[in-house]
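None of the figures in this text is laboratory data; all of them are computed from the coordinates on show. Since the model is a prediction, treat every value here as computed from it, not as a measurement. Reconstructed Cβ throughout: ideal geometry from the backbone, glycine too, with neighbour counts over all protein chains shown.
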């Protein structure tokens, strides 16, 4: 890929900063300022990467005004296009300087469906184009670019048929490698240098899950300790709509964080309203922490409101505690009249193991035994 970029990612044209299409101006905020970075690849290729800054001089997004020839042998097609990435180098969109378009090998201009497909192609970081060599796009036994996917195309071109636009195979290939090339690593380095408490807060509280993962890696250390200034941000992620980032946060935070009684109450309240997959993650987390009295009492009280799988997991959590507070034992005993025989029988078994001394609990256990001799 470095060889490709050295050959074909040649120059950055000196375009006026806002010579973008109307689509771009509507999709992205107008930067208050722009910082430029000169990027050198292969010791020979140099281009300018631009970082849009907001009114607070904070980074907003990266963009690049690209000129690249799309050619191998013979005729070259100059391409002028603007690319945009988020702050972690994830490609987001493209547009053009005024008057510029893309064309196919027969000089026909792209139609709207072609532009839509190009956006889809460029949005796939794991496209098959990632592992395709430049030479595979050349017609076998010739020096001509095979820029059409038809019955005469080679095996490689047929494999990537859904990853390219017929008549613009090499255009797709060239632009994809620009969008996902080594420039991404440069963006990551730049953003790392901008790391600050305000930026981390912004990443954690935003809707970009890539930003949230990146920020959590930096506010939760290898031992699982969560930096206190970001505690609220991460807890909101756990209660957010994205189950994947919520699960990641729960798994990354160390168990001692939830040793505090108030945080255990918060975790249980989160469990009550969480989607089922996240509930299972919370149960796994609860299995690693010692229950304080409030958590034990609430768990015992809500025990029979769950499905059989959750009931078994929750009851085991209670049974594994070295000791349960009297209120939790009373809450368990209250379920001995539950009409679900499997539930009440298991609860009686667990109560027996704790050898309760509370008279009310003992009376309910005795009554249960009489009903179930």
Relative contact order for the stretch 296-373 using alpha-carbon pairs under 8 Å, separation at least 6, rounded to a whole percent? 30
Could you tell me the relative contact order of the stretch 203-289? Use alpha-carbon pairs under 8 Å, at least six residues apart, and round to a whole percent. 25
Modelled label-to-label distance, residue 280 and residue 201, 7 Å Cα→beta-carbon offset: nm? 3.7
Treat the count of other C-beta atoms within 10 Å as a stand-in for reagent exposure and order 173, 257 from fewest to most. 257, 173
If r is the Cβ-Cβ distance from residue 355 to residue 227 and R0 is 35 Å, what FRET efficiency results, to the nearest 0.05? 0.20
Using a 7 Å offset from the Cα along the Cα-to-Cβ direction at both residue 45 and residue 239, what is the distance between the two label points in nm, to one decimal? 4.9
Which of 134, 187 has the fewest Cβ neighbours within 10 Å, and the rest in rising order: 134, 187
Taking the beta-carbon count within 10 Å as an exposure proxy, list 100, 297 from fewest neighbours to most. 100, 297
Alpha-carbon centroid distance for the pair the stretch 103-120 / the stretch 295-373, whole angstrom: 67
What FRET efficiency comes out for residue 217 versus residue 116 if R0 is 25 angstrom and r is the Cβ-Cβ distance? Round to the nearest 0.05. 0.15
